[in-house]
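**Student:** Supplied in structure tokens, the structure appears directly below.
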Amino acid sequence: MSEQPLAFLNDRFLPYRDAAIALHDAGFVQGVTVSEQLRTFGGRLFRLEEHLQRLEQSLMMVGIHSPHSSARLAEIARQLIEHNLPLAGPAGDLGLAILLTPGPYAAFAPPDSSRTPTVCLHTYRLAFRLWAEKFRIGQALVTTSVMQVPSECWPTALKCRSRMHYYLADREAQRIEAGARALMLDQQGCVTEASTANLVIFRTTEGLISPPLRKILPGISVAVLEELAQTIAISFTYRDLTLQDLIDADEAFLTSTSPCILPVSRVNGHPLRGGVPGPMYARLLAGWNKLVGLDIAEQARQGASS
């Protein structure tokens, strides 16, 4: 077996270091890139089918016609994991990125360029160092002057790599409070999500609450959290959330692919009254551990120190 990780670009597997997208690709020139991020647990891709369903929906929104079926993409993904997993390091799990672009941008591309979409899949080592401590100390959030992109610009359900608003918002958040992440508000001042993560709050009188699906990316991890809530008989609802709702919450959580679920420690400097980590967070994390068959926080701790 090769000691180099493989990637998949268009129609072939090749060494990761050799995978390169042309400078005239629309994904680079215009940022038109539909994407999905997955990870493995115990070497197995988590919720692959759900991610591929969302990918297909995003491709339809943008009008990109993939040359590969979802079944073929699943096969490619599993082949990459099988080959690259032994190179994952002591933590033993990998992230997987799936990227599709419309292909060449006509104004920049040579006349004889292919007009087919670009398809790329690659794996990466999970950056446990970035969130290992967050399971214990939580994540601070701050609001910034950068708002969530309105649905009039692109559908909120579109999973894409066009994330300039996240970048600018997080830069501003870091200036306000070192280590904080941006909390995105919509044009009406309602809470939507954090940069690259969905947000859910917990109130003892109401249960778990997420912003409405029409206002957020329908996260796979949010869906998992809703399933876990059902297993412990906790109500899960979707409704508009104000910033004050969040500040007054007993607990709040960020959900995303790699860390799964992290507690929010404070919002705009206001500590959440349930503490960090709170009792509901502990129950939800325990449920997530049982679902994937490992201790997520402990894996992150070991991965960060290796």
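Any read-out appearing in this document is the output of simple, stated calculations on the displayed coordinates, not a laboratory observation. All figures in this text were calculated on a predicted structure; none of them were measured in a lab. Neighbour counts are summed over all protein chains in view; Cβ atoms, including those assigned to glycine, are modelled from backbone coordinates with ideal geometry.
**Student:** Give the range of the longest stretch in the chain that excludes all trypsin sites (Lys or Arg not before Pro) found in loop regions by DSSP and having at most 12 other beta-carbon atoms within 10 Å.
**Tutor:** 116-238
**Student:** Looking at the chain, which longest stretch skips every one of the GluC sites (Glu not before Pro) that is in a DSSP loop with at most 13 other Cβ atoms within 10 Å, leaving the sites themselves out?
**Tutor:** 153-306
**Student:** With point charges of +1 on the Cβ of Lys and Arg and -1 on the Cβ of Asp and Glu, referenced to the Cα centre of segment 6-126, which listed residue (ALA22, GLY95, SER69) lies farthest in the positive direction of the dipole?
**Tutor:** So the residue furthest toward the plus end is GLY95.
**Student:** Let me ask another. In segment 166-306, if the dipole is taken from +1 on Lys/Arg beta carbons and -1 on Asp/Glu beta carbons about the Cα centre, which of VAL264, ILE216, LEU243 is farthest to the positive end?
**Tutor:** Toward the positive end, the furthest listed residue is VAL264.
**Student:** For the chain, what is the calculated [θ] at 222 nm in deg cm²/dmol (nearest 500), taking -39500 (n - 2.57) for each run of four or more DSSP H residues and dividing by its residue count?
**Tutor:** Value at 222 nm, helices only: -9000 deg cm²/dmol.
**Student:** Quick check for me: using +1 on Lys/Arg Cβ and -1 on Asp/Glu Cβ, what's the dipole size of the chain about its Cα centre, in debye to the nearest 20?
**Tutor:** Once rounded to the nearest 20, the dipole reads 320 debye.
**Student:** Let me ask you something else. Could you give me the ³J(HN,Hα) list for segment 275-281, computed from phi with Karplus coefficients 6.51, -1.76, 1.60 and θ = phi - 60°, whole Hz, x at Gly and Pro?
**Tutor:** Coupling constants for segment 275-281: x, 9, x, x, x, 5, 4 Hz.
**Student:** What does the net charge come to around LEU52 if you take all other residues with beta carbon closer than 12 Å to its beta carbon, with K and R at +1 and D and E at -1?
**Tutor:** 0
**Student:** Moving on. Between LEU168 and ALA233, how high is the FRET efficiency from 1/(1 + (r/R0)^6) when r is the Cβ-Cβ distance and R₀ = 30 Å? Nearest 0.05.
**Tutor:** 0.15
**Student:** Going by amide H atoms built from the backbone, whose H comes under 5 Å of the H on LEU126, apart from near neighbours?
**Tutor:** Residues meeting the criterion, in which the H sits 1.01 Å from N, are GLY95.
**Student:** Suppose R0 equals 41 Å. What FRET efficiency, 1/(1 + (r/R0)^6) with r the Cβ-Cβ distance, do SER114 and GLU152 give to the nearest 0.05?
**Tutor:** For R0 = 41 Å, the calculated efficiency reads 0.80.
**Student:** Just to check I understand the Karplus step: with θ = phi - 60° and J = 6.51 cos²θ - 1.76 cosθ + 1.60, what whole-Hz values come out for segment 213-220, glycine and proline as x?
**Tutor:** 4, 5, 9, 9, 5, x, x, 5
**Student:** Okay, next question. Among SER305, LEU185, PRO110, which residue has its Cα furthest toward the positive end of the charge dipole of the chain, with +1 on Lys/Arg Cβ and -1 on Asp/Glu Cβ?
**Tutor:** Final value for the positive-end residue is SER305.
**Student:** Still on this structure, please answer the following. State the volume of the convex hull built on the alpha-carbon positions of the chain, expressed per residue in Å³ and rounded to an integer.
**Tutor:** Once divided by residue count, the hull of the chain is 136 Å³.
**Student:** If the reach is capped at under 24 angstrom between alpha carbons, list the lysines near LYS290, excluding any in the same chain fewer than eight residues apart.
**Tutor:** Leaving aside lysines fewer than 8 places away in the same chain, those within reach of LYS290 are LYS134.
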